[in-house]
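Inspection log for the structure reproduced underneath, given as structure tokens.
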Amino acid sequence: MRYLLRPLPVIGLLALVVIGALRFLHPVDASTHRIGTAITPIKHVVVIMMENHSFDNMFGTFPGANGRSDLPRASNPIITDLNHDDPSTRSNIDNGAMDGFSSHAYVQYTKADIPNYWSYAQQFGLGDNFFSSDATSSTPNHVNMIAAQTGGIDATQGNGCNSSQNTILYSMHANGTPYWSYPCYDINSLPQEMDSAGMSWRYYSSVPIWNAPTLVQHLNNNDKQNIIKDSTQFLKDVKAGNMATVSWVTPTSDYTDHPPLPFQGGENFVTKIANTIMNSSYWQDTSIFVTWDEGGGFYDHVAPPQLDGRGLGLRVPLLVISPFARQGYISHQLGEFSSFTKFIESDFGLNNLGQRDAMPQVSNLMDYFDFNQPPQPPLILNSLPFTGTLMVPLLKQAPGAVSPTQGGTNDTFTYNILYNRTDTPATHNVIIDGVAHAMNNMGKAPRGTLYQYSTKLSQGSHNFSFTFSDGTGMLTIPYNVPFPGPDVNPFYLQHKTITATALPGQTINYSVQYVSPANKPPTKAQVLIDMVPQNLTSSGGTNYTKGVTYTYSTNTLSVGEHTFRFRFDDGSGIVTYNGSTEPSITPVVLSKSSVSPAAGTSSTPFTFSTTYADAANQAPAQAQLFVDNTAYPMSYVSGSNNTGALYQKTMTLPTGKHSFFFVFSDSVSSWADPFAPSVYAGPGVGVNTSAVRSGTLITSSDEEDPGFPVDTNL
């Protein structure tokens with residue numbers, strides 16, 4: 001719901017309070033000030049949100065900043081993306097111990113790797129106590145940027161209020177209680193306040209998962225003209241003299257800084273925006289804020305303050321670029337993405353939203369500015385040389401520059417690279433430990449041609465790079481130092497299995513096979529569940545050369561998503577194997593979904609069935625079948641809610657192909673079967689139609705495009 005302007009006496013009082021608080025910064029005439037007009041010389045605000053880097057990863061070596069400066073230099077790009085969803089981020093933080101990161105996370109860049117970002121930090125403002133709002137991935141943090149809250153979403157998703165109804169996402173209340181819900185929220189937001197104050201705004205997002213306004217009901221329904229689904233339009237608007245009072249800008253899909261994309265593309269994206277503004281009349285009254293939406297799984301040494309059950313998340317850099325920015329200033333005040341909302345509210349005399357922007361400990365970023373100083377001149381920077389000919393893939397068959405990233409001497413390691421020109425390169429080598437090996441053309445893949453080379457490796461640490469001819473010369477990536485890895489250990493793990501989904505109290509089983517070519521038994525065998533070690537039990541046997549299975553079972557995991565990693569030692573040293581986010585302990589589960597018969601005619605009664613189970617023994621508040629995206633209520637047939645209740649719907653269908661899914665909710669949480677972007681196929685309707693095999697899935701194109709090369713099955 002759009003907030004209306006308050007009665008004039010209240011507006012006047014609030015304006016006087018804000019103006020009084022800011023008078024020391026820039027005197028104004030309180031009698032003439034109007035809500036929605038700038039109190040300071042900053043009349044235009046541009047917020048650029050890039051992707052996935054912690055403060056130590058980018059600016060840990062910056063002089064005078066609170067950074068850890070002794071980490072190994074990061075390759076540009078890195079070997080693969082790092083887990084950075086909610087459970088992984090919380091495991092990384094490990095209750096403030098900051099010791100749960102992947103082995104690939106403990107790296108950092110130097111001034112030579114990010115020269116333009118470094119120049120902005122030297123000339124203008126840099127925040128070293130600025131955090132992502134939530135300890136999770138992209139989408140929730142983007143929503144925080146415009147609403148000082150998330151509405152509940154705690155996962156990354158692309159279509160918000162326009163999503164299929166079986167888009168049920170991991171969510172979290174402000175107190176940290178998890179649940180699952182549809183990603184469309186009836187919350188207030190800063191753009192709504194700006195609408196009421198007559199202020200102009202635009203949100204530019206080429207990539208759906210960063211398009212925060214589409215998750216807010218009011219904005220998605222009423223402000224579509226301000227939601228620009230082409231980030232390049234921002235530059236056109238600036239050049240045309242049509243820049244809004246407040247602009248949120250997210251990058252185009254190839255220029256995001258999101259690992260494993262190299263920095264040059266994203267850095268050039270930001271540089272082009274800054275140069276365009278600096279070369280326009282807008283520079284004299286604009287502040288540009290540049291930040292990164294979360295830590296991306298990279299290490300940071302500062303434990304995030306906990307404002308509530310959701311965050312803060314990991315520390316990220318903040319650059320403040322403005323003619324009124326204090327030159328070379330490093331801010332140590334506590335900030336997060338709600339600070340952008342708070343700055344705009346402070347600058348334009350708006351009410352706060354009653355969320356994080358109302359917390360006194362959260363900075364409004366005004367300390368970065370000196371409105372009495374002579375305005376700083378533009379800092380026009382050159383774009384960095386960058387072709388993008390070679391890209392690290394994130395595909396099912398090629399999940400990174402090398403796969404696996406750790407293993408044993410019996411494992412086969414596959415090196416992967418995408419070549420995005422149409423010609424065939426004369427040179428197409430991977431350089432492993434200084435030795436060149438010709439790679440094989442594996443054919444077309446998303447965004448290029450996939451080249452691979454597979455081999456076994458000796459025990460120890462390795463390094464590699466790729467060298468290709470691109471028609472104009474030779475190109476080598478990484479652009480700075482070789483990729484580290486893979487790590488080849490004296491033993492390896494295989495056949496890792498885990499129960500993926502369960503109700504509270506149900507047993508979760510962890511299982512892995514330990515293989516030692518030297519036939520050495522493990523001296524340590526553990527599974528780390530949310531970073532808590534649990535000892536694994538051998539299933540018996542002493543033939544470690546062929547493999548011995550180790551297991552652990554528990555029924556005490558709380559509702560929510562969890563992480564696991566396996567940790568083994570054969571006496572030569574502990575090895576922790578990268579894990580994943582599993583299991584999901586959910587209060588609601590659907591199972592045994594089907595349609596019967598699998599084929600028929602337009603007069604055949606088709607019965608759709610699913611079994612609903614609820615940990616709290618609650619009857620469903622919503623029990624719906626969706627056939628061809630049309631909803632139908634389902635009826636209870638038999639069984640109990642806590643152990644499994646059968647629900648059915650019988651109907652006839654017109655001739656043709658059909659699809660279906662189920663969505664159920666109790667008073668707290670929802671569940672779907674299957675989850676978007678998949679639906680079940682069937683039934684086949686028509687005289688000569690074949691039966692559709694039960695459980696056949698139809699999966700649409702990736703609606704959660706994360707802005708970098710990725711396979712939808714990862």
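The values are calculated or read from the model by the stated rules, or taken from the named source; none is laboratory data. Quick caveat: nothing in here was measured; it's all calculated off a predicted structure. Cβ sites come from the backbone with ideal geometry, for glycine too, and all protein chains shown count toward neighbours. Remember, those area values only see protein heavy atoms, side chains included, never the ligands or the DNA or RNA. Shrake-Rupley method; radii C 1.70, N 1.55, O 1.52, S 1.80 Å.
Diagonalising the gyration tensor over the Cα atoms of the stretch 340-435 and scaling each eigenvalue by 5 before taking the square root yields semi-axes of 50, 23, 14 Å, largest first. With the gyration tensor restricted to C-alpha atoms of the stretch 211-323, the semi-axes of the equivalent ellipsoid amount to 26, 20, 15 Å, longest first.
Atom-type composition of the exposed protein surface of the stretch 494-555 places 47 percent of the accessible area on carbon and sulfur (1.4 angstrom probe). Solvent-accessible area of the stretch 584-640 (1.4 angstrom probe, protein heavy atoms only): carbon and sulfur portion equals 50 percent. Sorting the segments 307-319, 169-181, 187-199 by their residues' average number of neighbouring beta-carbon atoms within 10 angstrom, most packed first, yields 307-319, 187-199, 169-181.
Altogether, the Stokes-Einstein calculation at 37 °C and 0.692 mPa s, with the Kirkwood radius of the stretch 119-272 over Cα pairs as Rh, returns a diffusion coefficient of 197 µm²/s. Accessible area ranking (1.4 Å probe, heavy atoms, ligands and nucleic acids excluded), largest first, for 293, 487, 186, 673: 186, 487, 673, 293. Remark on the stretch 582-648: Rg and Dmax equal 13.4, 44 Å (Cα only).
A convex hull fitted around the alpha carbon atoms of the stretch 216-269 yields 102 Å³ per residue. Taking 27 Å as the limit for the C-alpha separation, the pairs 43/236; 546/592; 456/520; 229/657 exceed it in the case of 546/592; 229/657.
Taking only the alpha carbons of the stretch 454-609, we obtain Rg and Dmax values of 22.9, 70 Å in that order. The convex hull of the Cα atoms of the chain, projected and averaged over all directions, covers 34.3 nm².
With all protein chains kept in place, the per residue accessible area of the chain amounts to 37 square angstrom at a probe of 1.4 angstrom.
Max-minus-min Cα coordinates of the stretch 62-144 on each principal axis give 36, 29, 23 Å, with the largest extent listed first. Here the extension length gained between residue 578 and residue 688 equals 34.6 nm, from 0.36 nm per residue of separation less the Cα-Cα distance. When the square roots of the Cα gyration tensor eigenvalues are ordered a ≥ b ≥ c, the ratio a/c for the stretch 470-530 is 1.5 or more and a/b does not exceed b/c, which makes its shape oblate.
The alpha-carbon atoms of the stretch 563-714 define a convex hull whose volume equals 177 cubic angstrom per residue. As a test of the formula, what do you get for the chain when each DSSP H run with n ≥ 4 contributes -39,500 (n - 2.57) and the sum is divided by the residue count, at 222 nm and rounded to the nearest 500 deg cm²/dmol? The per-residue figure over the chain is -4000 deg cm²/dmol.
Of the solvent-accessible surface of the stretch 267-326, computed with a 1.4 Å probe and all protein chains present, 48% belongs to carbon and sulfur.
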